[in-house]
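Structure first, then comments.
The values are calculated or read from the model by the stated rules, or taken from the named source; none is laboratory data. Please read these numbers as outputs of a predicted model, since none were measured by experiment. Because the Cβ atoms are built from the backbone with ideal geometry, glycine has one as well, and the counts that use them run over all protein chains shown. To get the accessible areas, we keep the full protein, side chains included, count just its heavy atoms, and leave off ligands, DNA and RNA. Shrake-Rupley method; radii C 1.70, N 1.55, O 1.52, S 1.80 Å.
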Amino acid sequence: MKDSFLDFNEKKWPLLKKDLKKIVGDTAYNNWLKQLSFISNKENTITLSVPTKFLRDWIVNNYSDKIKNECKKYIENIEAIKFVVKPVGGRVVPGTTRTIKSTDNQWKTTMDIRSNQGSSYPTDFGAPLDPRFTFDNFVVGKPNELAFAASERVAESEKVTFNPLFLYGGVGLGKTHLMHAIGWKIKEQQPDRKVIYLSAEKFMYQFVRALRYKDTSAFKEQFRSIDVLMIDDVQFISGKDNTQEEFFHTFNALIEQNKQIVISADKSPSDLDGVQDRLKSRLGCGLVADIHPTTYELRLGILIEKAQKRGVEIPPKVLEFLSHRIISNVREMEGALNRLVAHATLVGTSITVETAQVVLQDLLKTSNKKITIEEIQKKVAEHFNIRLTDMHSPRRSRSVARPRQIAMYLAKSITSRSLPEIGRKFGGRDHTTVMHAVKKIEELKHNDINFNEDIELLKRLIDS
Ligand code: ADP
Ligand code: MG
């Protein structure tokens, strides 16, 4: 039953919250929405409070749709929802309102203009830190010990240490986690230092916006007034020359002023494509720490930690199974764990290796088939009775060139590697050579059934 607006009050608020809990699940509710309190309803607007700005932004950015829908269910004529910051036991902090408003049947979010003081163009500089990403929650193993130690050092020392600290590694191996951890630690131990974390994409976006508002000086000022700047995923800056230029200058200015910089990317500075050479060498002039792909031990360690944090009991056999089978990255492994727990809770079964096999079928299938280009080269060389080195050699005689083309074709069809990556593994060949090989083999397969059978047989051999 919908209430008319004035009937919705503090007493009904718990009912709405209970519904929210059902919708988002216990974990999300406890982490984020539990601290949401009801303040008032006036003029078709309800006002809710949370204890911190961070929580406000997180809730508005991630849950406003759900909250809005819930409110609409309870309250007729609702036009806006306001979120204000009110520390526990304190008063509402002025200038902290974010509003989601219904105009023309569309809900839009606006920020209290007072929170943009001192700048002539709208900013939301920096991004919030995720409370789950702390050093305490980071599991250290051989593959990430250097990156971890360097991050901790940067966070704990009061003086600038390695500048910049450049963290790099594949997707989901903990780069963002470490950066947030640095941020939290500095906030905790040296609250006077101003720390800004943002993605390279956001950096570019802000720069472009500053250009549009013809206010690049304010943009630069902002960066220059901080103590620690962390920019995540700088590979996204590649090719954008204008932004790179600005990045380079901002970067130099900060380094000259002895401010700490932390950068992450998916590649080492020298391997960043489409980045100017002088920027590459600047990026690499501090400490470059890479995070290697996880080992079985590290994966198991991480799973144990994540399971403990969620407070769920998972048989060691299942954790071992997951660590063995999901090897691509930590994020995927975490996703698998979540799915398993969700399934068990919903269906009410216990978590076993058998249920894991069923519930995670799709994930297991793909990560099961992580075949490397090297394995393909080896199998193909064996099959055609040529030397493995012929896969990389410049020799062009038919007896080695054809098997090499077949190996390239198989690399393309079995692995997820790109043409340039494949070319590199074949003695640094150009991606057009790989493309040519793929076409050639496809054509041969199409025209010759025996050849086709041979290739399919090879594929099965490699795949199994
Ligand atoms: P990246 O930024 O390198 O792509 P993230 O930092 O986003 O990766 O990590 C992906 C997920 O994996 C996050 O949930 C993170 O907490 C988790 N994770 C990665 N490495 C570790 C680790 N060593 N210990 C605990 N959690 C980890
Ligand atoms: Mg990341």
Label-point separation in nm, Val171 to Arg424, each point 7 Å along Cα→Cβ: 1.7 nm
The chain: calculated mean residue ellipticity at 222 nm from DSSP helix runs of at least 4, using -39500 (n - 2.57): -16000 deg cm²/dmol
Cα extents of the range 354-464 along the three principal axes, largest first (Å): 52, 31, 24
DSSP bridge pairs, the chain: antiparallel proportion in percent, nearest 5: 40 percent
For the range 5-111, share of DSSP beta bridges that run antiparallel, in % to the nearest 5: 70 percent
Relative compactness, the chain, computed as alpha-carbon Rg over 2.2 N^0.38 Å: 1.20
Inter-site label distance for Glu245 and Asn77 at 7 Å from Cα along Cβ, in nm: 5.6 nm
Long-range amide H partners of Val92 with built H, under 5 Å: none
Potential lengthening between Ile371 and Met435 on full extension [0.36 nm per residue; Cα-Cα distance subtracted]: 21.0 nm
Of Lys267/Lys309; Lys72/Lys101; Lys187/Lys240; Lys101/Lys187, pairs whose Cα-Cα distance is over 22 Å: Lys267/Lys309; Lys187/Lys240; Lys101/Lys187
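What percentage of the solvent-accessible surface of the range 5-111, computed with a 1.4 Å probe over protein heavy atoms, is contributed by carbon and sulfur atoms?
Values: 2760 of 5930 Å².
Ligands and nucleic acids excluded, carbon and sulfur reach 47 percent.
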Extension gain, Lys159 back to Ala253 (0.36 nm per residue minus Cα-Cα distance, nm): 32.1 nm
Where labels lie 7 Å past Cα in the beta-carbon direction, separation of Ser217 and Ser413 in nm: 6.3 nm
Using a Förster distance of 60 Å, the FRET efficiency for Asn44-Ser399 (Cβ separation, nearest 0.05): 0.15
Extended-chain gain in nm, criterion 0.36 nm per residue less alpha-carbon gap, Phe125 and Asn30: 31.4 nm
Test item: Cα-centred dipole of the range 296-368, Lys/Arg +1 and Asp/Glu -1 on Cβ, debye: 120 debye
Given charges at beta-carbon only (K, R positive; D, E negative), |dipole| of the chain in Debye: 340 debye
